[in-house]
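So the structure is just underneath, and the comments pick up after that.
The values are calculated or read from the model by the stated rules, or taken from the named source; none is laboratory data. In this text, all values refer to a predicted model and were calculated from it rather than measured experimentally. No Cβ is skipped: glycine too gets one built from the backbone with ideal geometry, and neighbour counts run over all protein chains shown.
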């Protein structure tokens with residue numbers, strides 16, 4: 001929780017954890033002119049240690065690593081830190097993708113990836129985390145937001161449901177915040193994708209839906225016998241305004 | 001298998017029955033048990049009683065009826081019966097044998113009625129009285145051989161014969177079962193193996209047998225192990241090759257990115273082409289990995305319930321977006337909510353592959369129709385996703401092969417439309433893993449219809 005909040009982090013320092021040395025060199029070479037400083041480590045254990053050092057704005061983590069695999073590294077990172085993680089998953093491995101997002105990866109990119117895509121994803125994640133850390137520093141948009149049984153503290157990024165703390169990943173928190181701010185209104189997927197993932201929607205990309213489904217799982221699918229987060233087919237999502245439905249009948 | 005069982009059963013049954021019956025007949029011919037015992041204490045008792053009974057009703061009966069009843073009595077007791085009047089004349093007018101005359105004489109003299117001399121037919125005689133009190137003498141003898149074989153005579157022999165048949169049947173059943181049960185197990189294992197379960201082996205109950213069936217079972221297991229190791233080695237090779245290709249390809253993409261940034265405008269076109277080809281390779285490797293994952297024997301579907309209707313709606317929406325590039329659209333028609341059980345990611349990629357294929361092949365400006373509904377095949381309910389394009393269709397001779405990996409109907413044109421030739425193969429594998437199937441046929445008015453069916457499980461699993 002604490003590492004990502006350090007104000008000393010430079011937003012252009014990235015860490016790539018991949019056992020392919022030549023690939024790491026190329027990534028460094030490609031991302032250099034884009035304005036990023038890239039460090040590379042080639043093993044899971046050393047990658048974990050460096051990722052937790054707090055020196056990096058973002059970690060690019062390959063799933064296939066010698067020794068300890070990428071999911072385990074991610075799990076251990078998440079137990080101590082909220083540093084944004086972009087997973088490189090195996091192409092054709094949908095399960096790996098889902099698992100990665102469930103554990104708390106901020107986004108994923110199937111490998112082999114197109115370098116432009118890598119840059120776009122990195123920028124999207126950084127924009128989002130910058131926005132949220134900016135909020136924390138200024139405190140202007142901070143404060144509490146309560147809808148029904150869910151209460152979030154935007155400043156400390158703590159989520160409580162019926163008083164009990166719920167552990168959310170960075171993306172899930174951002175998603176919940178956007179949904180809660182427009183509770184009772186439908187937000188289209190395109191807008192959600194831009195606000196939460198920092199990129200526009202592409203066809204056949206279901207990561208937004210996956211994050212929503214993770215959020216439902218963590219918060220509970222239903223509140224007061226009504227779907228907590230409704231899918232509005234063909235449009236987007238809607239967070240049920242449970243605070244009103246507590247007293248009145250649910251709005252359909 | 002059933003017929004083998006039946007054949008063995010019937011053959012053994014008949015054999016056993018014949019052997020047992022022949023044995024019984026032989027025993028009866030040995031005359032181990034005196035033939036005439038049990039006839040009310042003395043041989044021929046039945047005959048006399050039958051005769052006396054006939055006489056008792058003599059008064060009321062006509063001559064014909066009497067004759068009839070006497071003949072009946074002779075037949076059922078297997079004897080000859082004479083009824084004599086006071087003048088020792090048979091009432092039916094038959095000639096009395098000399099021996100019978102002797103016996104009758106003895107009876108009339110008041111001597112014992114059973115004076116059989118050894119070596120002769122035993123004759124018996126006794127008085128009989130009709131109801132009006134008129135006296136007669138009944139004399140009779142058991143008819144000597146040749147008798148009909150005892151088991152051909154209905155009556156007291158039915159039960160023993162039934163016993164023979166049942167016993168023979170039971171023995172035959174046990175024998176047939178003993179022979180066919182291990183063969184059946186062997187067959188089950190073979191079927192499972194053929195259906196793709198490379199782990200299928202014959203159990204120890206067969207493999208531990210010391211007979212020829214046991215040999216066969218062990219040979220099967222050896223063969224199965226051999227085939228399994230070959231197949232898995234081949235699959236692993238394909239998977240490893242695909243995996244290993246990922247790394248150089250990832251590096252190639254990066255190097256290409258660096259090159260296009262540094263190169264002048266005159267190289268742009270060539271670099272774009274390289275990028276396009278690299279992307280094709282990328283796609284190919286991705287689909288190859290998906291396919292090898294599906295072919296792996298341990299692939300099991302996860303049983304979570306999936307709202308197929310919502311899933312298809314999602315995919316159709318994305319495909320509609322993509323189809324706009326070709327001025328086409330995708331129309332979805334839903335007739336009912338379908339919930340199936342399985343692997344959502346797999347079903348998604350299966351339907352997505354079919355739908356994108358349809359979008360790629362439909363004529364510009366036309367639409368692709370997607371319908372989802374239920375049907376029944378008599379045994380269970382199926383969710384049916386039907387995808388119809390308005391393209392050129394597929395020549396009939398190719399239509400069964402379009403689900404084979406890398407099968408192309410027309411090389412040049414298909415490549416223009418993108419895709420690497422594995423999409424439909426993946427869809428077919430995914431359908432099979434979900435116990436479903438996939439078919440293609442040409443529509444009568446042009447275009448291809450692909451139907452994807454997956455069995456639906458009982459609706460009580462639907463939580464919604």
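Observations, loosely collected:
- When B:270, B:323, B:296, B:319 are checked against the criterion of being facing chain A (nearest Cβ under 8 Å) and either under 42 Å from the mean Cα position of the chain (by Cα) or at pLDDT 85 or above (or both), a single residue qualifies: B:319.
- Filtered residues of the stretch A:149-186 (kept if crowded, with 22+ Cβ neighbours inside 10 Å and closer than 14 Å to residue A:240 by Cβ): A:150, A:176, A:179
- Condition check for residue B:372: closer than 29 Å to residue B:289 by Cβ and either more than 10 Å from chain A (Cβ to nearest Cβ) or surrounded by 22 or more Cβ atoms within 10 Å (Cβ to Cβ) (or both): yes
- Condition check for residue B:309: closer than 27 Å to residue A:231 by Cα and either part of a helix (DSSP H, G or I) or more than 38 Å from the chain's Cα centre (by Cα) (or both): yes
Residue-wise test of (1) assigned to a helix (DSSP H, G or I); (2) free of Cβ contacts under 8 Å to residues at least 60 places away in the same chain; (3) under 24 Å from residue A:207 (Cα atoms).
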position: B:368; (1), (2), (3): no, yes, no
position: B:373; (1), (2), (3): no, yes, no
position: B:384; (1), (2), (3): no, no, no
position: B:393; (1), (2), (3): no, yes, no
position: B:409; (1), (2), (3): no, yes, no
position: B:427; (1), (2), (3): yes, no, yes
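- Within the stretch A:25-35, the set of residues being under 24 Å from the mean Cα position of the chain (by Cα) and either more than 10 Å from every other protein chain (Cβ to nearest Cβ) or surrounded by fewer than 20 Cβ atoms within 10 Å (Cβ to Cβ) (or both) comprises A:28, A:34, A:35.
- Boolean, residue A:38 is closer than 27 Å to residue A:205 by Cβ, modelled with pLDDT of 90 or more and within 13 Å of chain B (Cβ to nearest Cβ): yes
- Failed criterion for residue B:338 (all others in (1) surrounded by 20 or more Cβ atoms within 10 Å (Cβ to Cβ); (2) over 23 Å from residue B:425 (Cα atoms); (3) within 11 Å of chain A (Cβ to nearest Cβ) hold): (3)
- Taking the listed residues A:151, A:177, the one that is part of a strand (DSSP E or B), away from chain B (no Cβ under 14 Å) and either without any contact (Cβ under 8 Å) to a residue 24 or more places away in the chain or under 16 Å from the mean Cα position of the chain (by Cα) (or both) is A:151, with no other qualifying.
- For the stretch B:273-293, a tally of residues being more than 9 Å from every other protein chain (Cβ to nearest Cβ) and out of contact with any helix residue (DSSP H, G or I) (no Cβ under 8 Å at 6 or more places or on another chain) returns 5.
- Counted residues, the stretch A:53-104 - those being over 27 Å from residue B:281 (Cα atoms), part of a loop (DSSP other than H, G, I, E, B) and at pLDDT 80 or above: 11
Residues are listed down the side, and each one gets a yes or a no for (1) loosely packed, with under 12 Cβ neighbours inside 10 Å; (2) assigned to a loop (DSSP other than H, G, I, E, B); (3) more than 54 Å from the chain's Cα centre (by Cα); (4) modelled with pLDDT under 75:
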site: B:10; (1), (2), (3), (4): no, no, no, no
site: B:13; (1), (2), (3), (4): no, no, no, no
site: B:19; (1), (2), (3), (4): no, no, no, no
site: B:24; (1), (2), (3), (4): no, no, no, no
site: B:28; (1), (2), (3), (4): no, no, no, yes
site: B:40; (1), (2), (3), (4): yes, yes, yes, yes
site: B:61; (1), (2), (3), (4): no, yes, yes, yes
site: B:94; (1), (2), (3), (4): yes, yes, yes, no
site: B:107; (1), (2), (3), (4): no, no, yes, no
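- Test: residue B:256 is more than 30 Å from the chain's Cα centre (by Cα), at pLDDT 90 or above, within 14 Å of chain A (Cβ to nearest Cβ) and not in a loop (DSSP other than H, G, I, E, B): yes
- Scanning the stretch A:8-21 for residues that are at the interface with chain B (Cβ under 10 Å from one of its Cβ atoms) and touching a helix residue (DSSP H, G or I) at 6+ places or on another chain (Cβ under 6 Å) yields a total of 2.
- Meets criteria (surrounded by fewer than 16 Cβ atoms within 10 Å (Cβ to Cβ) and assigned to a helix (DSSP H, G or I)) for residue B:278: no
- Condition check for residue B:323: surrounded by 20 or more Cβ atoms within 10 Å (Cβ to Cβ) and touching a residue at least 40 places away in the same chain (Cβ under 8 Å): yes
- For residue B:386, the conditions (1) buried (at least 16 other Cβ atoms within 10 Å of the Cβ); (2) at pLDDT below 90; (3) out of contact with any helix residue (DSSP H, G or I) (no Cβ under 6 Å at 6 or more places or on another chain) are fulfilled apart from (2).
- Take the conditions (1) within 14 Å of chain A (Cβ to nearest Cβ); (2) buried (at least 18 other Cβ atoms within 10 Å of the Cβ); residue B:180 misses just one of them, which is (1).
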